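Participant: Handing you this structure, nothing more for now.
The values are calculated or read from the model by the stated rules, or taken from the named source; none is laboratory data. This is a predicted model, so every value here is computed, not measured. A quick note on method: Cβ atoms are made from the backbone with ideal geometry, for glycine too, and the neighbour counts reach across all protein chains shown. Note: areas computed on protein heavy atoms with side chains; ligands, DNA, RNA excluded. Shrake-Rupley method; radii C 1.70, N 1.55, O 1.52, S 1.80 Å.
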Amino acid sequence: MIKFFFSQFKAYQSDCHNNCKHSMGARYIERITHIEQLLLIEKNVIDTNKLREDCAYGVPDQLRPLCWRLFMDYLPQDRQKWKSALERQRKDYCELVENLIVRPGELEDERERSQNDMMDHPLAEESTSEWVNFFRDNEVLIQIDRDVRRLRPEIEFFQKKTKFPLTSAARINLAKRLCKEKLIVDKTELSDNSFISSTASTSNSKEDIEDYESEQHWQVVERILFIYSKVNPGIKYVQGMNELIGPIYYVFATDPDLEWAEHAESDTFYCFQQLMSEIKDNFIKTLDKSNCGIEIALKNFYDRFQAHDPQLYNRLAVSQNIKPQFYAFRWILLLLSQEFSLPDLITIWDALLSTHDRLDTVQHMCLAMLDFIRDELMIGDFSNNVRLLQNFPNIDIAQLISHSHELRNAAIRDQTVHTARSNSSSDASETSLNMSINSRTSRLFNSDRISALVNNAKAKINNYTASKKNAS
């Protein structure tokens, strides 16, 4: 694996200097070279903080799969631990697939199968019945199947056969479990830019579904999402997760290093699991109105929007009553995965995944998007503006990323200044309080006053002693 990356590094570096010398800036080439040095040359332990800084504006195609695995904490920073960590996690995933997919009646022993059939059958209602769990799983699987079949329709990748099918899982064939009528795609329902062309054969044909030795990429994604739903019963599968997992799987499965591409399925599962651990609260409906659900995220975005551009905010949110649910809901929930073509989205995700606070970063990207179409929004009516926000136009992605970083850095500076002023004000108040206390203390405990009190007390004691003697 490392040898491959070294060869890629030399080839890519040569291309940069020979072919791209005039089209790329020296600063860009310097940044790319630094990324390669961090990953492959400098030390066994990778400085991921420096790597994140260098990848904030994009990652070289050859190194993107590796960088994304590091950004999503799938790979340890120490390269010497990669082999053992990868072997363990990939083996664990295969065991999950084998153990979590319910297959009623598939017992090795014929006598045991016969006895079990009498107790457990498709009409059984007991909660422990394999058939009950089988049909319950199918309810989730139907929704996953419907979504993944049309994943990224602008490209044909997900309809093609994978070079590395997970043989044991491919024989299970989740799609075949569903009703046969649901496996046929009606071409008349597809738009002109569909993934199925008039000359290409549909990947959803009976022959493809029943080919146990191969499977399409969408079937691999289907299995990953199904296993995720089984491992996370509290959230299961929610529509839109297919949009989030698609770019991750695409990047890993198209890795030029076939040794890594072979394990795209298991690696995608763990990286998707890690990404969802950060944003899953937005997908849980019962948390919508809590302080960690999607509604609070939309409120925070609109508060930022109002502070960033009060004039545009008043036009959209106040005058035209365009609510964030009309557009920002999808932007934030799906991390912009439905707003851009896959190549542009991957570049955006380079910047997004390289940050520690992705939800904060995506909100600044949303603000930058609004800035790019501000002029159109200021003159558009309600319907035109909603249409524009829901169908974002093609823009220069490099400029979008650069502008979003500017907005985020400005916000960080403002927060730093605000904190410093608060601390300064707090320090000033504390100083004033101390001066006041010292002033009062000095008035109460002035040395002359204390001497007078002491002398007066002594005089009273002497007078009292003298009067007692005279009396005696």
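Participant: From the list LEU107, LEU75, pick out the single residue that is open to solvent by less than 60 Å² (accessible area, probe 1.4 Å) and at pLDDT 90 or above.
Facilitator: LEU75
Participant: At least 1 residues that are open to solvent by less than 60 Å² (accessible area, probe 1.4 Å) and modelled with pLDDT under 90 in each: list the helices (runs of 4 or more DSSP H) lying fully within segment 1-61 that qualify. Break it down stepwise before answering.
Facilitator: Working: elements: 2-18, 26-40, 48-54.
In segment 1-61, the matching helices (runs of 4 or more DSSP H) lie at 2-18, 26-40.
To keep it simple, each residue is scored yes or no on (1) at pLDDT 95 or above; (2) open to solvent by 70 Å² or more (accessible area, probe 1.4 Å).
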{"site": "ILE379", "(1), (2)": "yes, yes"}
{"site": "LEU389", "(1), (2)": "yes, no"}
{"site": "PHE392", "(1), (2)": "yes, no"}
{"site": "ILE395", "(1), (2)": "yes, no"}
{"site": "ARG408", "(1), (2)": "no, no"}
{"site": "GLN415", "(1), (2)": "no, yes"}
{"site": "ALA457", "(1), (2)": "no, no"}
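Participant: Moving to a separate point now. From the list LEU298, LEU258, pick out the single residue that is open to solvent by less than 10 Å² (accessible area, probe 1.4 Å) and among the aliphatic types (A, V, I, L, M).
Facilitator: Exactly one residue qualifies, and that residue is LEU298.
Participant: Kindly list, by first and then second residue, each pair from a residue in segment 156-173 that is on the phi > 0 side of the Ramachandran plot to a residue that is surrounded by 13 or more Cβ atoms within 10 Å (Cβ to Cβ), limited to pairs with Cβ atoms under 8 Å and residues at least 6 apart or on different chains.
Facilitator: ASN173/ILE209; ASN173/TYR212; ASN173/GLU215; ASN173/GLN219
Participant: Out of segment 136-154, which residues are of a type in the set (Val, Ile, Thr) and open to solvent by 40 Å² or more (accessible area, probe 1.4 Å)?
Facilitator: ILE142
Participant: Counting just the residues of segment 160-179 that are among the polar types (S, T, N, Q) and open to solvent by 30 Å² or more (accessible area, probe 1.4 Å), which one comes out modelled with the highest pLDDT?
Facilitator: Among residues in segment 160-179 that are among the polar types (S, T, N, Q) and open to solvent by 30 Å² or more (accessible area, probe 1.4 Å), the one modelled with the highest pLDDT is THR167.
Participant: State whether one or more residues within segment 210-228 are surrounded by fewer than 18 Cβ atoms within 10 Å (Cβ to Cβ) and in contact with a strand residue (DSSP E or B) (Cβ under 7 Å, 6 or more places away or on another chain).
Facilitator: Taking segment 210-228 and keeping what is surrounded by fewer than 18 Cβ atoms within 10 Å (Cβ to Cβ), we get 210-214.
Checking the rest, the ones that are also in contact with a strand residue (DSSP E or B) (Cβ under 7 Å, 6 or more places away or on another chain) come to 214.
Yes: segment 210-228 contains one or more residues that are surrounded by fewer than 18 Cβ atoms within 10 Å (Cβ to Cβ) and in contact with a strand residue (DSSP E or B) (Cβ under 7 Å, 6 or more places away or on another chain).
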